[in-house]
């Protein structure tokens, strides 16, 4: 099984994620990616990958130019930092050993990629001065409808487009909840500019190229303090970022600043299936996506690509005891749990307290779906509590193929592994033919000639 593991010990931004994945590619794939992303048709946008050094470690910095300029100083937070650039010269000299571009802001509208912390309140006069030039430098912010229109014009696969729109959909829902506005009225600021669209698109293109079967990551370091965005001073993590991180393991750490951006949070929410220590894997490639801000430790997203054994497959088991639901309600609950994404739902008869007959409800699901299934169990049953356990499991490789028979096309389930090969016709197809011919399923099976 092809596995991708992300080390998010220094947070995540969209450009750092893409840079780390780009670093995993071979040379032909790198050229293919650059050709694709630079052929999207975005006016004046040019993407390049540069080798840079941070804390003595070489990695990749993704550089997005819009009409020849990197998106520096485009939102209010960045304008604060521009305003104090002269005052910061003595306190924050650039490291001559690091790449000249590392100090640039990389399109997330955050302090993730700056060399100094902003003094937001004590530079009011200069902030006002820079705001007078905002119309000269700023780029158009996009609503969700405009994002859909832009993405629809990309010459890329429909699957990659669906991932891009799903990520922006998550961001839009978070922004909608934060600002109390309908999704259709949300206009993105930091995550709506052209270079941010490139970040999200790049993430989806690179994930498609790597074709990992399983994606896991470490808990997310988010930093602490405040950040100035388009709506003013916000706490870290920013409100929309915090909503996007719900249900995921996060921590602040000891570094002041915004380490996890809204775009980065949406990307990992969409692609990462589980969080925790790195699984046992045979490493083939390691990628470093370098951030521009300098810390005492390496500021990078690290990506590990390798192979894991099928034996490492895991499934989440959710259970609860029920003794006060009718058979009809239990059946309805089972149907809704399947609709919510459960891999398997079954009930085991049991005797409950006070000698009441009841059932133990067991729901199996992938780990990334457990939150949705927990909510569904509480919604459709009367339980007051749910038990969770993670099970290691051995499974056969499975696939479905459609075969042409004298009775018409019929799907066949094939399973193999551990010295076993199995084949079985799809029940729904057999039942359909049996109804059409007014015969038994056994008669259908006996009459099949492939």
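The values are calculated or read from the model by the stated rules, or taken from the named source; none is laboratory data. All figures in this text were calculated on a predicted structure; none of them were measured in a lab. Virtual Cβ from ideal backbone geometry, glycine too; neighbours counted across all protein chains shown.
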Count of residues meeting criterion [more than 30 Å from residue 280 (Cα to Cα) and either crowded, with 17+ Cβ neighbours inside 10 Å or outside the structural domain of residue 436 (by TED's automatic domain parsing) (or both)] in segment 374-404: 11
Residue 11 surrounded by 23 or more Cβ atoms within 10 Å (Cβ to Cβ) and in the same structural domain as residue 244 (by TED's automatic domain parsing): yes
Residue selected from segment 53-88 under the condition at pLDDT 85 or above and in contact with a helix residue (DSSP H, G or I) (Cβ under 9 Å, 6 or more places away or on another chain), by the criterion nearest to residue 18 (Cα to Cα): 62
Any hit, segment 417-430, residues being surrounded by 13 or more Cβ atoms within 10 Å (Cβ to Cβ) and either within 33 Å of the chain's Cα centre (by Cα) or within 30 Å of residue 217 (Cα to Cα) (or both): yes
Tally of residues being farther than 25 Å from residue 44 by Cβ and at pLDDT below 90 across segment 141-171: 2
Elements of type strands (runs of 3 or more DSSP E) contained in segment 397-450, each with 3 or more residues being closer than 22 Å to residue 213 by Cβ, without any contact (Cβ under 8 Å) to a residue 24 or more places away in the chain and touching a strand residue (DSSP E or B) at 6+ places or on another chain (Cβ under 6 Å): 397-405, 408-417
Long-range neighbours under 7 Å by Cβ, at least six apart or interchain, first residue at positive phi within segment 326-348, second assigned to a strand (DSSP E or B): 341/365
Failed condition for residue 358, given (1) outside the structural domain of residue 320 (by TED's automatic domain parsing); (2) without any contact (Cβ under 8 Å) to a residue 40 or more places away in the chain: (1)
Options 324, 335; residue that is outside the structural domain of residue 168 (by TED's automatic domain parsing) and either within 28 Å of residue 17 (Cα to Cα) or in a helix (DSSP H, G or I) (or both): 335
Candidate set from segment 306-335 (those that are buried (at least 20 other Cβ atoms within 10 Å of the Cβ) and modelled with pLDDT of 95 or more); member that is nearest to the chain's Cα centre (by Cα): 318
Residue 390 being in a strand (DSSP E or B), in contact with a helix residue (DSSP H, G or I) (Cβ under 6 Å, 6 or more places away or on another chain) and in contact (Cβ under 8 Å) with a residue 12 or more places away in the chain: no
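Just give me the residues in segment 338-373 being loosely packed, with under 13 Cβ neighbours inside 10 Å and in a loop (DSSP other than H, G, I, E, B), in sequence order.
If the condition is that a residue be loosely packed, with under 13 Cβ neighbours inside 10 Å and in a loop (DSSP other than H, G, I, E, B), then 356 is the only one that fits.
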